[in-house]
1. Looking only at residues that are open to solvent by less than 40 Å² (accessible area, probe 1.4 Å) and part of a loop (DSSP other than H, G, I, E, B) in the range 147-184, which one is nearest to Gln216 (Cα to Cα)?
2. Restricted to the range 22-59, and to residues that are among the hydrophobic types (A, V, I, L, M, F, W, C) and more than 22 Å from the chain's Cα centre (by Cα), which residue is most open to solvent (accessible area, probe 1.4 Å)?
3. Quick check, is Val64 open to solvent by less than 40 Å² (accessible area, probe 1.4 Å), within 18 Å of Glu4 (Cα to Cα), touching a Cys at 6+ places or on another chain (Cβ under 9 Å) and at pLDDT 95 or above?
4. Within the range 1-23, how many residues turn out to be closer than 17 Å to Leu88 by Cβ, in a strand (DSSP E or B) and either free of Cβ contacts under 8 Å to residues at least 24 places away in the same chain or not aliphatic (A, V, I, L, M) (or both)?
5. Looking at the structure I just gave you, is Val84 crowded, with 18+ Cβ neighbours inside 10 Å, under 17 Å from Leu252 (Cα atoms) and modelled with pLDDT of 95 or more?
6. Within the set of pairs 6 or more residues apart or between chains, which connect a residue that is among the hydroxyl-bearing types (Ser, Thr, Tyr) inside the range 164-181 to a residue that is open to solvent by 100 Å² or more (accessible area, probe 1.4 Å) and at pLDDT 75 or above with Cβ atoms less than 9 Å apart?
7. Would you tally the residues in the range 1-21 being within 19 Å of Leu139 (Cβ to Cβ), surrounded by fewer than 19 Cβ atoms within 10 Å (Cβ to Cβ) and not β-branched (Val, Ile, Thr)?
8. Just a yes or no: is a residue in the range 239-249 open to solvent by 30 Å² or more (accessible area, probe 1.4 Å), free of Cβ contacts under 8 Å to residues at least 60 places away in the same chain and among the β-branched types (Val, Ile, Thr)?
Amino acid sequence: MQAELLLFDVGNTSIKVGMADASHVLAAYTLPATGAHTADSLGLSLASLLGHARVAPEGLRACVACSVVPSMDPVLAGAVARFVGCPLLRAVEDLAVPLDNRYERPAEVGADRLVAAYAARRAFPEAASLVVADFGTALTLDCVSGGAYLGGLIFPGPGTALAALSSHAAKLPQVSMDVTAKEPAPGRDTVTSIRHGLFFGYVSISEGLCARLGRQLPAPVRTVATGGFAQAIARASAVFDAVVPELLLEGLRRLYFEMADQAQDASKPGTAGKKEKP
């Protein structure tokens with residue numbers, strides 16, 4: 001595999017690791033995000049993944065990361081320095097996201113939300129507005145209009161809701177949310193009752209919130225979803241116009257190569273001082 005970038009989406013539940021070239025994400029892996037990670041344990045996992053994908057570390061141009069877990073930042077930096085040996089760039093600190101951030105306090109927006117919004121905007125430039133749904137530890141729904149990030153909503157993610165239900169109700173069992181039905185059925189046992197209640201609850205939440213947000217945005221509005229639960233919901237509902245499983249990794253890839261292209265253009269004779277087209 002001729003990968004040029006190693007990508008990291010560091011979340012509260014998992015660490016997604018991607019390998020990409022200039023045109024697309026080539027492969028993606030998921031590691032647990034636990035407090036047990038050290039720089040060496042994470043680095044050895046990265047070395048194993050690179051070996052599995054037959055990617056030589058010396059062939060990589062850079063590592064690009066998006067993290068919402070500050071305690072993992074030095075661990076990742078140490079792992080990359082020792083086991084990969086190429087520059088580590090972070091969104092938003094090293095790679096600015098080219099969206100007009102309309103948050104009242106822009107620094108409060110999670111880098112993952114901005115990168116996903118940016119990736120959706122680049123993937124669907126024809127849409128006047130976008131609602132971007134990301135199913136992770138939290139379910140975030142973010143709004144983009146033109147080149148502006150407008151903000152959004154934060155709701156507990158499906159896994160978080162299930163864990164909270166099980167931990168606060170001693171008699172309720174842990175269940176999976178693997179549902180193949182298209183409509184909810186009245187549960188005749190506890191497992192079905194929980195499974196259908198949570199699954200179709202999130203279907204209805206997705207349909208309702210996307211519709212309500214979309215009515216406030218300039219048309220046409222496209223809804224783009226990512227995260228593990230998005231594909232399951234898409235099987236039961238037409239709420240999403242597109243499901244892009246590696247949306248955030250794709251955003252990191254685009255950020256890096258967009259920056260590289262701009263740097264190359266700026267170095268050409270006669271381009272100094274020219275402003276980028278809006």
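1. The extreme case among them is Gly157.
2. Filtering the range 22-59 for residues that are among the hydrophobic types (A, V, I, L, M, F, W, C) and more than 22 Å from the chain's Cα centre (by Cα), the one most open to solvent (accessible area, probe 1.4 Å) comes out as Leu44.
3. Considered against the rule, which asks whether it is open to solvent by less than 40 Å² (accessible area, probe 1.4 Å), within 18 Å of Glu4 (Cα to Cα), touching a Cys at 6+ places or on another chain (Cβ under 9 Å) and at pLDDT 95 or above, Val64 comes out as no.
4. 4
5. When the stated conditions are applied, Val84 does not pass them.
6. Hits for this filter: Thr180/Arg235.
7. Adding up the residues that qualify gives 2.
8. yes
The values are calculated or read from the model by the stated rules, or taken from the named source; none is laboratory data. All values reported here derive from a predicted model rather than from experimental measurement. Every residue, glycine among them, receives a Cβ derived from its backbone with ideal geometry; neighbour counts consider all protein chains shown. With ligands, DNA and RNA removed, areas are computed over all heavy atoms of the protein, side chains included. Shrake-Rupley method; radii C 1.70, N 1.55, O 1.52, S 1.80 Å.
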